[in-house]
Amino acid sequence: MKKVQRRQFLGTSATAVAVAAVAGSSLLRAGSAIAGNVAGWPAKAFDAKTLDQAMTDSIGKTNIPVSAKVILKAPTIAENGGSVPVTIEVDSPMTADDYISTVWLFVDHNPTPLASQFNFTPACGKAYIQERIKMAKTDNVRVVAKTNKGELMASAPKEVKVTIGGCGG
Amino acid sequence: MAEALGNPMIRMPSSAKKGDIVEVRSLIMNPMTTGLTKDKAGKVIPAHFIQTVTVTFNQKPLLDVDWSTAVSANPYLAFKMRAEESGTLEMTWKDNTNGTWSATAKITVS
């Protein structure tokens with residue numbers, strides 16, 4: 001709890017810190033000892049230690065129906081858990097009236113299961129993301145997507161066999 | 001070893017036809033440490049990671065990304081954009097130690 005309070009405090013004082021940081025060089029800013037969360041970053045969901053808690057804190061519920069519209073691609077076997085490529089694609093017209101607003105990416109048993117949150121706009125044209133994530137061990141990866149109307153749908157969980165866990169580096 | 005930081009890069013087609021969906025690929029240097037590991041001396045390596053990536057096109061919001069420590073070091077991010085008009089795409093990455101980096105890429109839409 002102490003950690004969370006510190007983060008919240010620093011979050012609220014982020015503006016003052018940002019003003020102070022303008023004076024420094026980018027290197028100094030990056031190496032600064034003053035750590036704090038970026039304003040608007042959903043700390044509670046990212047700090048959650050279990051999948052259920054992370055889903056509750058991010059989405060508000062845990063039981064999301066699986067839909068074929070949500071496609072998650074990840075390797076069946078990943079030699080290096082420190083860098084597992086994932087591709088997310090959600091079938092949506094991405095028009096002003098009908099688009100995917102948010103996508104969450106989870107790794108079931110990572111120390112903090114919520115890996116990423118993506119907030120799309122219709123201007124994206126496609127709800128598509130590719131990135132690389134860390135996995136502590138052989139585990140399921142899953143994605144939940146939300147439409148602008150609030151409809152929730154999940155991908156089928158995808159198991160990735162991890163040979164060397166990604167938490168050492 | 002000093003970690004490389006920043007040096008953001010964006011790869012995007014320089015031209016497209018109106019209505020085309022183009023892919024934008026990006027890369028930035030950041031250790032993305034979790035705060036859960038220790039160095040050889042047994043000292044905890046503090047969490048140092050990018051938390052937000054903000055993407056705009058002609059200063060209008062396109063995509064907002066929130067990252068955890070589960071994103072790999074030197075994070076790569078690819079996404080799509082519908083090419084509607086010529087202009088500038090800007091990406092801004094922010095980490096938990098007040099580091100901020102921005103990069104831009106231009107596209108001509110005909």
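What follows draws every value from the coordinates through simple rules; no lab data is involved. These figures come from a predicted structure and were not determined experimentally. For neighbour counting, all protein chains shown are included, and Cβ atoms are generated from backbone atoms with ideal geometry for every residue, glycine included.
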* **Hits in the range A:104-140 (condition: among the acidic types (D, E) and under 14 Å from A:A48 (Cα atoms))** => A:D108
* Within the set of pairs 6+ apart or on separate chains, which have a first residue in the range A:80-96 that is farther than 16 Å from A:K158 by Cα, a second that is of a type in the set (D, E), and C-beta atoms under 7 Å apart? -> A:S92/A:D98
* Structure fact -> When every residue in the range A:135-154 that is touching a residue at least 40 places away in the same chain (Cβ under 8 Å) and out of contact with any strand residue (DSSP E or B) (no Cβ under 7 Å at 6 or more places or on another chain) is compared, the one surrounded by the most Cβ atoms within 10 Å (Cβ to Cβ) is A:A136
* **Restricting the range B:73-97 to residues that are assigned to a strand (DSSP E or B) and small (G, A, S), the residue that is nearest to the other protein chains (Cβ to nearest Cβ)** => B:A78
* Structure fact -> Within the range B:52-71, the count of residues that are among the polar types (S, T, N, Q), farther than 22 Å from B:M12 by Cα and touching a Gly at 6+ places or on another chain (Cβ under 9 Å) comes to 1
* Report, by residue number, each residue of the range B:20-57 that is in contact with a Lys or Arg (Cβ under 7 Å, 6 or more places away or on another chain) and surrounded by fewer than 17 Cβ atoms within 10 Å (Cβ to Cβ). => B:I21, B:E23, B:R25, B:V44, B:I45
* Mind checking whether some residue in the range A:101-112 is small (G, A, S), surrounded by fewer than 20 Cβ atoms within 10 Å (Cβ to Cβ) and over 16 Å from B:S72 (Cβ atoms)? -> yes
* **Scan of the range B:86-110 for residues that are more than 30 Å from B:T33 (Cβ to Cβ) and either free of Cβ contacts under 8 Å to residues at least 60 places away in the same chain or of a type in the set (G, A, S) (or both), ordered by number** => B:S86, B:G87, B:T88, B:S110
* Asked: Can you name every residue in the range B:13-72 that is among the aromatic types (F, W, Y) and part of a loop (DSSP other than H, G, I, E, B)?
  -> B:F49
* Pick from A:A127, A:A123: which is buried (at least 24 other Cβ atoms within 10 Å of the Cβ) and within 11 Å of another protein chain (Cβ to nearest Cβ)? -> A:A127
